[in-house]
Amino acid sequence: MRPIIVASLPVYSEKDIHRINQIDADLVELRLDYSKSLPTLSSLLPYKDKIIVTIRDVNEGGINKIDDNVKVSYINQLSKEGFLYDVEASFLEKYNVDFYNKIVSMHYFNSIPDYNIVNTIVTKYENKAYTVKIAVIAKPGYKNFLSNLLFSHENITVLPMGSDPLERIAFGILGSKLVYTYVDNPTAPGQMHYSRAIKIINLLFNN
Ligand SMILES: O=C1C[C@@](O)(C(=O)O)C[C@@H](O)[C@@H]1O
């Protein structure tokens with residue numbers, strides 16, 4: 001299956017949101033945690049079918065701390081309006097928010113986590129989520145770690161962080177549902193520019 005190319009866009013102010021129209025990726029991830037306050041939902045509505053809304057927790061790579069209660073109520077509104085959003089598995093352990101057909105994510109920036117722990121979390125969410133996503137630092141053992149997850153689950157996204165960006169394309173070809181890329185500057189190490197990723201994927205998957 002063709003992997004979906006996601007361009008990750010930091011949102012510093014509402015005017016960044018309107019850049020979506022110029023970004024020729026399959027989906028645009030709006031990283032709302034790049035700003036200290038969240039945009040109105042009405043400013044996101046025109047782009048609903050093209051976006052992933054993310055308020056990344058600072059413990060998992062977020063830039064600004066958004067109060068958990070604010071995040072819960074924003075997510076509840078996003079859910080009601082039918083937006084696709086990304087929520088950390090760790091957040092779901094603490095708060096009862098909707099993850100049906102949403103992205104459930106895990107990020108490991110310092111070391112490779114225990115395989116069985118991550119495998120259990122993926123199994124818990126994979127049937128209901130849009131995809132379960134694991135981003136992991138490219139330290140020794142990461143390729144085996146990500147490949148084993150990829151080959152054990154259908155509905156999964158795996159992202160090495162800090163290795164050659166082409167590796168993400170390779171994992172996409174092997175079955176990672178989403179491939180994360182950047183617009184101006186990477187939001188995580190190991191991303192390539194979205195236009196390059198689209199070009200490679202179209203060469204491989206278009207007739
Ligand atoms: O979770 C992810 C994946 C990511 O960390 C990456 O590795 O490309 C980039 C983040 O913007 C996004 O929220």
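Taking every C-alpha pair closer than 8 Å and separated by at least 6 residues, the mean separation divided by the residue count of the chain gives a relative contact order of 21 percent. Can you bin region 1-90 into rounded, prolate or oblate? Criterion: square roots of the alpha carbon gyration tensor eigenvalues sorted a ≥ b ≥ c, rounded for a/c under 1.5, prolate for a/b above b/c, oblate for the rest. It comes out rounded by the Cα gyration axes. Sort out the exposed loop GluC sites (Glu not before Pro) in the chain (DSSP loop, at most 16 other Cβ within 10 Å) and tell me the longest stretch that has none. Longest run free of exposed loop sites: 1-125.
Taking the chain as a Gaussian network of alpha-carbon nodes connected by springs under 10 Å, the highest mean-square fluctuation of the residues GLN77, GLN22, GLN191 belongs to GLN22. Pairs with C-alpha atoms separated by more than 22 Å, drawn from the list LYS124/LYS177; LYS143/LYS199; LYS71/LYS177; LYS50/LYS80; LYS71/LYS94, are LYS143/LYS199; LYS71/LYS177.
Anisotropy class assigned to region 4-205 is oblate, per the alpha carbon gyration tensor with a/c at or over the 1.5 cut-off and a/b no larger than b/c.
A Förster radius of 25 Å combined with the Cβ-Cβ distance from LEU174 to TYR100 puts the calculated FRET efficiency at roughly 0.40. Mean-square fluctuations from a GNM of the chain, with a 10 angstrom spring cutoff on Cα atoms, peak among PRO46, PRO189, PRO165 at PRO46.
Rule-based calculations on the coordinates, nothing more; no lab input. Just so you know, these numbers come straight off a predicted model, no measurement behind them. Please note: Cβ atoms are built from the backbone with ideal geometry, for glycine as well, and neighbour counts cover all protein chains shown.
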